[in-house]
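*Asks:* I have a structure I would like to understand better, so I am pasting it below and will then ask my questions one at a time.
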């Protein structure tokens, strides 16, 4: 496995009023691995994801992807640099078809002019054909090819989650952030999701997985980072993290008491 | 099949009625349809509330009226109108569309009022409330169309062109980016869509539609006055879009034609027509929230369920 980090985050800090949601978090993610970020509710997992993707900028710190500084860049610029994501609460484009949802992202590297669109010349038709082809490929990977022409809003919940993954894939990312992808899925659906994640890893995509379901994470992750109250309290292989006393106390311990 | 039927019907109307008044009314309905198609880019697809569409319409009309009266060849007027509204829309859109929520709505209401006040008070140039008369008509390659029927066909051709361009934009990466921006700005951004650019483009393209319709208005009606481009008109255009069906190209045309003809059809009611008109709009919004254009698909869905 190549050891060069594709994401390096240094001192990432995010405050909401008096609350420090992220407190100087450092994170290195090696290229091609599945990196999980776990932690109790409100520990800063999604805040970290938002800071990485530019959805909600960090107040301080440095974040690089593939050596390029992305701190405070607009999200679409970060997306074009090869970072795609899905959302904890589903955010599909409900007025578009399933295929068109994916095409939005597939077209992100294609520059086109209004004139080309209006006269609909050969160059424009070629571009649109490429976008469609790439989008159908992405739908194929997550198993939604058969529903390409349906309205996205008509998909059942679990398939809407898969559609978000297909959309993220279509921009040909080097890094994919998945924010609680198994939320609301049943056992079978979660298993299929794991299959999909394995497929993506095999394609060389680095995956950053934020997940509540610890059991789900441990099986597929190469590395696990644990957040608690905005601080990174542990990092390592799943086995190392599971033995870590701090983690057991902060996260697993508390869960057990709740359960 | 259906579009062909509609086109045939549209072409045949002047043969069925020789009434110049009805044809003139249809001409205004067609112009309104072009303006509403323009409004659909920013509001129907991109989800930005724009009350400046009537002002862009007026800006285009007055630009053409003044240029034509100053003796410029007709062919230059659409270009000039388009450039003027393009500059105005960028001046409004670039600062406000970076911000989310309702800044554009507020800014465009203010803009509409400014345009109206300038037209009313700059009398030596704009003619004030009495407007501008005897505007030179369309003149292209030595052809000078005369009469309502000739203009009807010209405007119909312009509408077809406007529909074609709108359909092409809808099915391009730009059209998808617009709708994605409306559905979820953050998901669009994270999919690589520059949402600010998309919003500005949608707003600008819509303004150009209104500007060009304004140019055609001035040179086919040959008379402009501030009443036709007031804030009331801006709200009427928005109503046409909502009643016809937000985001539906066909809906824009249906809404514009229906709400242009309806007040005339209800004229026998005297002042009561407004009550019926208002009720009609409410009934459509309540029973078919997707607008008149959605009724066909609602019926189809019900049939499928019944089977």
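The values are calculated or read from the model by the stated rules, or taken from the named source; none is laboratory data. Treat the numbers as computed from the prediction; the structure is a model and nothing was measured. Note that each Cβ is placed from the backbone with ideal geometry, even for glycine, and that neighbours are counted across all protein chains shown.
*Asks:* If you scan the range A:193-218, which residues turn out to be part of a helix (DSSP H, G or I) and buried (at least 17 other Cβ atoms within 10 Å of the Cβ)?
*Replies:* A:193, A:196, A:197, A:200, A:201, A:214, A:216, A:217, A:218
*Asks:* Go through the range A:228-245 and give me each residue that's surrounded by fewer than 16 Cβ atoms within 10 Å (Cβ to Cβ) and on the phi < 0 side of the Ramachandran plot.
*Replies:* A:237, A:239, A:240, A:242, A:243, A:245
*Asks:* Would you check if there is a residue in the range B:248-267 being without any contact (Cβ under 8 Å) to a residue 12 or more places away in the chain and touching a helix residue (DSSP H, G or I) at 6+ places or on another chain (Cβ under 7 Å)?
*Replies:* There is at least one residue in the range B:248-267 that is without any contact (Cβ under 8 Å) to a residue 12 or more places away in the chain and touching a helix residue (DSSP H, G or I) at 6+ places or on another chain (Cβ under 7 Å).
*Asks:* Here are the criteria: (1) surrounded by 22 or more Cβ atoms within 10 Å (Cβ to Cβ); (2) more than 30 Å from residue A:241 (Cβ to Cβ); (3) in contact with a strand residue (DSSP E or B) (Cβ under 7 Å, 6 or more places away or on another chain). Tell me which single one residue A:176 does not satisfy.
*Replies:* The failed condition is (2).
*Asks:* Condition check: within 26 Å of residue A:100 (Cβ to Cβ), at pLDDT 95 or above and more than 14 Å from every other protein chain (Cβ to nearest Cβ). Does residue A:207 satisfy that?
*Replies:* Yes, satisfied.
*Asks:* Please enumerate the residues belonging to the range A:89-107 that are within 7 Å of chain B (Cβ to nearest Cβ), in contact with a strand residue (DSSP E or B) (Cβ under 8 Å, 6 or more places away or on another chain) and either buried (at least 24 other Cβ atoms within 10 Å of the Cβ) or touching a residue at least 60 places away in the same chain (Cβ under 8 Å) (or both).
*Replies:* The answer is A:105, and nothing else.
*Asks:* Going by the structure shown, is residue A:9 within 14 Å of chain B (Cβ to nearest Cβ), in contact with a strand residue (DSSP E or B) (Cβ under 6 Å, 6 or more places away or on another chain) and not in a loop (DSSP other than H, G, I, E, B)?
*Replies:* So residue A:9 does not fit the description; no.
*Asks:* Can you confirm whether residue A:67 is out of contact with any strand residue (DSSP E or B) (no Cβ under 6 Å at 6 or more places or on another chain), without any contact (Cβ under 8 Å) to a residue 60 or more places away in the chain and either within 11 Å of another protein chain (Cβ to nearest Cβ) or on the phi < 0 side of the Ramachandran plot (or both)?
*Replies:* Spelling it out, it is not the case that residue A:67 is out of contact with any strand residue (DSSP E or B) (no Cβ under 6 Å at 6 or more places or on another chain), without any contact (Cβ under 8 Å) to a residue 60 or more places away in the chain and either within 11 Å of another protein chain (Cβ to nearest Cβ) or on the phi < 0 side of the Ramachandran plot (or both).
Rundown of residues vs (1) assigned to a loop (DSSP other than H, G, I, E, B); (2) in contact (Cβ under 8 Å) with a residue 24 or more places away in the chain; (3) at the interface with chain B (Cβ under 8 Å from one of its Cβ atoms); (4) on the phi < 0 side of the Ramachandran plot, yes/no style:
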{"residue": "A:46", "(1), (2), (3), (4)": "no, yes, no, yes"}
{"residue": "A:56", "(1), (2), (3), (4)": "yes, yes, no, yes"}
{"residue": "A:73", "(1), (2), (3), (4)": "yes, no, no, yes"}
{"residue": "A:76", "(1), (2), (3), (4)": "no, yes, yes, yes"}
{"residue": "A:87", "(1), (2), (3), (4)": "yes, yes, yes, yes"}
{"residue": "A:112", "(1), (2), (3), (4)": "yes, no, yes, yes"}
{"residue": "A:127", "(1), (2), (3), (4)": "no, no, yes, yes"}
{"residue": "A:133", "(1), (2), (3), (4)": "no, no, no, yes"}
{"residue": "A:138", "(1), (2), (3), (4)": "no, yes, no, yes"}
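*Asks:* Please verify whether the range A:184-197 includes one or more residues that are over 16 Å from the mean Cα position of the chain (by Cα) and either closer than 22 Å to residue A:78 by Cβ or not assigned by TED's automatic domain parsing to the domain that holds residue A:228 (or both).
*Replies:* No, the range A:184-197 has no match at all.
*Asks:* Separate question: Select from the range A:167-209 the residues that are in contact with a helix residue (DSSP H, G or I) (Cβ under 7 Å, 6 or more places away or on another chain) and at positive phi and list them in ascending order.
*Replies:* Of everything in the range A:167-209, just one residue is in contact with a helix residue (DSSP H, G or I) (Cβ under 7 Å, 6 or more places away or on another chain) and at positive phi, namely A:184.
*Asks:* Related question: When you scan the range B:25-78, how many residues do you find that are part of a helix (DSSP H, G or I), in contact with a strand residue (DSSP E or B) (Cβ under 8 Å, 6 or more places away or on another chain) and within 27 Å of residue B:10 (Cα to Cα)?
*Replies:* 2
*Asks:* Here is a further query. Enumerate the helices (runs of 4 or more DSSP H) found wholly within the range B:81-194, keeping only those where 1 or more residues are free of Cβ contacts under 8 Å to residues at least 60 places away in the same chain, farther than 22 Å from residue B:31 by Cα and within 14 Å of chain A (Cβ to nearest Cβ).
*Replies:* So the answer is B:173-183, B:185-190.
*Asks:* Out of all the residues in the range A:146-161, which are surrounded by fewer than 16 Cβ atoms within 10 Å (Cβ to Cβ) and either in a helix (DSSP H, G or I) or within 14 Å of chain B (Cβ to nearest Cβ) (or both)?
*Replies:* A:146, A:149, A:150, A:151, A:153, A:154, A:157
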